[in-house]
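> Got a structure for you, questions after.
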Amino acid sequence: MPQNVPFLTVFLSSPGDVGEERALARNIMKRLPNRYVFKGRVGLNIVAWDDPDSTTAMEATLTPQAAISKGLPMPSESDIVIVIFWSRMGTPFTDETDGKEYQSGTHWELLDGLQSPNTKTYIYRRMQEPDFGSVDAPDYDDKVAQYRRVKKFLGSEMFYKDGQIKMSVHQYDTRAILKSCSSIILKKLSPIF
């Protein structure tokens, strides 16, 4: 007899500078349903633009964010959204549907996830000092500008107002995110078991 298994959708969002964290988070989440306690009792759908097992088709006539939005579930349709920042904010874009400007696809995905009362959104920030390379490198100024954009965004009124914290950002140095991804999913699963 078929069994109804709870199914969670986890949306993983970030600019492209945290590939190691994204790969580690995906690997941990993919293994969770096979742990003894969860085997056959839960399913996970991991939504990630860079998942090698589930790539997003990037039509030439679409912006990257439009292609991702067209090919993947929305953050606001997910049970959990995990957003990771470090040294890049990403590429600014204007949403073709409403004309609103966003600092990056990650910015848009964060706001979309936050708008849903049913979605649990977690924000992470890698605190390790980035290496921008040689000051003579052609992309040095862009790397520094991206880092400054991240710092400005995470210090904005979206996160702080009148000296008070409005939104939590979990800071980490290296692989601490591994434990966190597991605990987030386990928290979401705990009422089920």
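The values are calculated or read from the model by the stated rules, or taken from the named source; none is laboratory data. Just so it is clear, the model here is predicted, and its values are computed rather than measured. We place every Cβ from the backbone using ideal geometry, glycine too, and count neighbours over all the protein chains shown.
> Here is a list: ARG175, ARG126, ARG149. Which entry is surrounded by 14 or more Cβ atoms within 10 Å (Cβ to Cβ), under 16 Å from the mean Cα position of the chain (by Cα) and either at pLDDT below 90 or among the basic types (Lys, Arg) (or both)? Working first, answer last.
Details: ARG175 fails: surrounded by 14 or more Cβ atoms within 10 Å (Cβ to Cβ); ARG149 fails: under 16 Å from the mean Cα position of the chain (by Cα).
Selected residue: ARG126, the only one of ARG175, ARG126, ARG149 that is surrounded by 14 or more Cβ atoms within 10 Å (Cβ to Cβ), under 16 Å from the mean Cα position of the chain (by Cα) and either at pLDDT below 90 or among the basic types (Lys, Arg) (or both).
> Then there's this: For segment 110-132, how many residues are within 18 Å of MET89 (Cβ to Cβ) and touching a helix residue (DSSP H, G or I) at 6+ places or on another chain (Cβ under 8 Å)? Full working, then the answer.
Our first condition is that a residue be within 18 Å of MET89 (Cβ to Cβ); within segment 110-132, this holds for 110-114, 121, 123-132.
Now narrow it down to the ones that are touching a helix residue (DSSP H, G or I) at 6+ places or on another chain (Cβ under 8 Å): 110, 112-113, 121, 123-126, 130, 132.
Counting residues in segment 110-132 that are within 18 Å of MET89 (Cβ to Cβ) and touching a helix residue (DSSP H, G or I) at 6+ places or on another chain (Cβ under 8 Å) gives 10.
> Residue under question is LEU62, and the condition is that it be in contact with a Pro (Cβ under 7 Å, 6 or more places away or on another chain), modelled with pLDDT under 90 and either more than 21 Å from ILE123 (Cβ to Cβ) or in a strand (DSSP E or B) (or both); does it hold? Give the steps one after another, and end with the answer.
Details: in contact with a Pro (Cβ under 7 Å, 6 or more places away or on another chain): no; modelled with pLDDT under 90: yes; either more than 21 Å from ILE123 (Cβ to Cβ) or in a strand (DSSP E or B) (or both): yes.
So LEU62 does not fit the description; no.
> Give all pairs with beta carbons closer than 8 Å in which a residue from segment 159-175 that is under 17 Å from MET127 (Cβ atoms) and part of a loop (DSSP other than H, G, I, E, B) meets a residue that is at pLDDT 90 or above and hydroxyl-bearing (Ser, Thr, Tyr); count only pairs at least 6 apart in sequence or on separate chains.
The qualifying pairs are VAL169/TYR124.
> Then there is this: Would you please list the contacts, defined by Cβ atoms under 6 Å and residues six or more apart or on different chains, that run from a residue in segment 129-145 that is part of a loop (DSSP other than H, G, I, E, B) to a residue that is hydrophobic (A, V, I, L, M, F, W, C)?
PHE132/VAL144
> Looking at (1) touching a Ser or Thr at 6+ places or on another chain (Cβ under 7 Å); (2) within 15 Å of TYR124 (Cα to Cα), can you tell me which one TRP49 breaks?
(2)
> Go through segment 28-51 residue by residue and tally those that are over 23 Å from SER76 (Cα atoms) and not aromatic (Phe, Trp, Tyr). Please lay out each step first, then the result.
Going through segment 28-51, the residues over 23 Å from SER76 (Cα atoms) turn out to be 31, 34-41.
Cutting the leftovers down to not aromatic (Phe, Trp, Tyr) gives us 31, 34-35, 37, 39-41.
Total satisfying the criteria: 7.
> With respect to the numbered conditions (1) outside any loop (DSSP other than H, G, I, E, B); (2) modelled with pLDDT under 75, which one is the sole condition not fulfilled by ILE84?
So the condition that ILE84 fails would be (2).
> Determine which member of the set TYR147, TYR140, TYR102, TYR124 is among the aromatic types (Phe, Trp, Tyr) and touching a Leu at 6+ places or on another chain (Cβ under 8 Å). Don't jump to the end; show me each part of the working.
Details: TYR147 fails: touching a Leu at 6+ places or on another chain (Cβ under 8 Å); TYR140 fails: touching a Leu at 6+ places or on another chain (Cβ under 8 Å); TYR124 fails: touching a Leu at 6+ places or on another chain (Cβ under 8 Å).
Of the residues listed, the single one that is among the aromatic types (Phe, Trp, Tyr) and touching a Leu at 6+ places or on another chain (Cβ under 8 Å) is TYR102.
> Yes or no: segment 76-93 includes at least one residue that is touching a residue at least 60 places away in the same chain (Cβ under 8 Å), farther than 17 Å from MET167 by Cβ and surrounded by fewer than 18 Cβ atoms within 10 Å (Cβ to Cβ). Talk me through it step by step, then tell me what you get.
Here is the first cut: in segment 76-93, the ones touching a residue at least 60 places away in the same chain (Cβ under 8 Å) are 77-90.
Adding the requirement that they be farther than 17 Å from MET167 by Cβ leaves 77-79, 86-88, 90.
With surrounded by fewer than 18 Cβ atoms within 10 Å (Cβ to Cβ) added as a condition, the list becomes 77.
Yes.
> Moving on to the next point. If you scan segment 1-45, which residues turn out to be part of a strand (DSSP E or B) and surrounded by 12 or more Cβ atoms within 10 Å (Cβ to Cβ)?
Once the filter is applied, which keeps residues that are part of a strand (DSSP E or B) and surrounded by 12 or more Cβ atoms within 10 Å (Cβ to Cβ), segment 1-45 yields LEU8, THR9, VAL10, PHE11, LEU12, SER13, GLY43, LEU44, ASN45.
> Here is a further query. Going by what's in this entry, would SER180 be described as in a loop (DSSP other than H, G, I, E, B), under 28 Å from LEU8 (Cα atoms) and modelled with pLDDT under 95?
Values: in a loop (DSSP other than H, G, I, E, B): no; under 28 Å from LEU8 (Cα atoms): yes; modelled with pLDDT under 95: yes.
No, not satisfied.
> Condition test on ILE28, is it within 26 Å of MET89 (Cα to Cα), without any contact (Cβ under 8 Å) to a residue 40 or more places away in the chain and of a type in the set (Val, Ile, Thr)? Please lay out each step first, then the result.
Working: within 26 Å of MET89 (Cα to Cα): yes; without any contact (Cβ under 8 Å) to a residue 40 or more places away in the chain: no; of a type in the set (Val, Ile, Thr): yes.
No; evaluated as a whole, the condition is false for this residue.
> Those residues that are closer than 10 Å to SER13 by Cβ and not hydrophobic (A, V, I, L, M, F, W, C), I need them from segment 105-120; list them, please.
Step one: list which residues in segment 105-120 are closer than 10 Å to SER13 by Cβ, which gives 105-110, 112-113.
Across segment 105-120, the qualifying residues are GLY105, THR106, HIS107, GLU109, ASP112, GLY113.
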